[in-house]
Every structure is written in C-alpha cells, then in structure tokens.
1. Exactly one of (1) buried (at least 16 other Cβ atoms within 10 Å of the Cβ); (2) more than 12 Å from the chain's Cα centre (by Cα); (3) on the phi < 0 side of the Ramachandran plot is unmet by D113. Its number?
2. Under 8 Å between Cβ atoms, at least 6 apart or on separate chains: pull out the pairs that start in region 156-169 with a residue that is surrounded by 18 or more Cβ atoms within 10 Å (Cβ to Cβ) and end on any residue that is hydroxyl-bearing (S, T, Y).
3. Looking only at residues that are of a type in the set (K, R) and within 22 Å of F83 (Cβ to Cβ) in region 119-160, which one is farthest from the chain's Cα centre (by Cα)?
4. Being outside any strand (DSSP E or B) and of a type in the set (V, I, T) is the filter here; which residues of region 111-169 pass it?
5. Provide a single number: the residues in region 43-69 that are at pLDDT 70 or above and of a type in the set (D, E, K, R).
Amino acid sequence: MIANSTAPMEPRPAPTMKIQSEPGGFLRRFGAAIIDSTICYVIRFSMLGPLGLVLGMIKANSFYNTTQNRAALLVLIYFIVPFAVCYFYFGYFYHNKGASPGKMLFGLKVIRDEDGTHLSYGRAFWRETVGKAISIMPMGIGFLWALARPDRKTFHDLMFKTQVLHQKK
C-alpha cells in the first residue's frame with residue numbers, strides 16, 4: 001500500500017557546473033559601464049524625445065495651456081524617466097541574468113555577498129543610482145578604491161553588499 005502524502009515534493013537541486021571566477025577587474029568593469037550607460041542613454045532619449053513632442057503639442061486641456069504647468073510636467077517626466085529606465089534595465093538584467101549586457105559582454109556577473117544569488121530589482125536600482133553617485137563624488141575615489149582592494153570592491157559594492165566576478169571558462 002502506498003502512503004498518500006499531502007506534502008509537496010521538493011525540487012532537486014540542479015547539477016552545478018564548476019566555473020572558476022575571480023573578482024572583476026577595473027578595466028573590465030569600466031568597459032561594461034561604458035556599454036551599459038550608452039544603452040541606457042539611447043533608451044532614455046528615445047523615450048524622452050517623443051514625450052516632449054507630445055506634451056508640447058497638447059493644448060486641449062486647460063492645465064497644459066499655461067506655460068508654467070507644462071514646464072513643471074516636463075521637468076517631472078524628464079526626472080522620472082531616467083530613474084525608471086535605470087530601475088527596469090538594471091533590475092531586469094541583474095535579477096534575471098546576474099549581469100547587465102555590458103557586464104555579460106566582458107564575462108562579469110554581479111552577485112549578493114550574503115548568498116551568491118542575483119540581485120533584487122531594488123538592490124540593483126539603489127546600487128546603480130545612489131551607490132554609484134556616492135562612489136564618483138570625491139574625484140571617483142569610490143571606483144578607484146577597487147584598485148587597492150584584493151576583492152576589487154568599490155564603495156557601492158561595499159554599501160550594497162555585492163561582488164562583481166569575472167567568470168573564467
């Protein structure tokens with residue numbers, strides 16, 4: 001007689017391939033940052049241009065008829081769109097792929113220090129916005145800091161408990 005168990009079956013862990021990795025180097029990270037920032041700028045400008053045109057042509061609503069209200073709305077949109085692009089771009093790629101397209105191109109991966117998993121949307125967003133802003137503030141010292149550390153962590157890696165790894169094949 002087979003016992004009827006109501007407990008759900010636990011999935012088996014997938015077999016893991018042993019990939020050697022080391023901390024991501026400064027030049028690889030710099031190259032990835034250039035690619036990612038270029039992609040983000042293209043996305044932002046392709047969204048902001050049409051939005052500006054549409055808002056500039058709207059005249060049906062009395063709210064938009066005053067120049068001051070139209071300018072305030074444009075400023076609000078031009079402030080929100082770059083952050084939204086950053087949130088979804090880095091959030092999606094770090095959460096689902098473990099790396100942004102620029103980092104993938106250079107064989108880099110961003111993981112959480114605590115458990116080695118992918119970043120959440122929130123952690124990716126705050127790392128890329130606030131963390132990198134703080135890293136660049138005093139003459140880029142937060143980025144250059146990685147050159148002096150054996151684990152190659154920048155200020156934003158330390159702040160948000162992340163590690164960038166270069167995966168050797």
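The values are calculated or read from the model by the stated rules, or taken from the named source; none is laboratory data. Note that the structure is a prediction, hence the values are computed from the model and not measured. So basically every Cβ, Gly included, is an ideal-geometry build from the backbone, and we count neighbours across all protein chains shown.
1. The number of the failed condition is (1).
2. H156/S135; H156/T162; L165/S21; H166/S21
3. The first filter runs over region 119-160 and keeps only residues of a type in the set (K, R), leaving 123, 127, 132, 149, 152-153.
When the remaining residues are screened for being within 22 Å of F83 (Cβ to Cβ), the result is 123, 127, 132.
Numbers: R123: 8, R127: 7, K132: 11 Å.
Across region 119-160, the extreme among qualifying residues is K132.
4. Once the filter is applied, which keeps residues that are outside any strand (DSSP E or B) and of a type in the set (V, I, T), region 111-169 yields T117, T129, V130, I134, I136, I141, T154.
5. Summing the residues that are at pLDDT 70 or above and of a type in the set (D, E, K, R) in region 43-69 gives 1.
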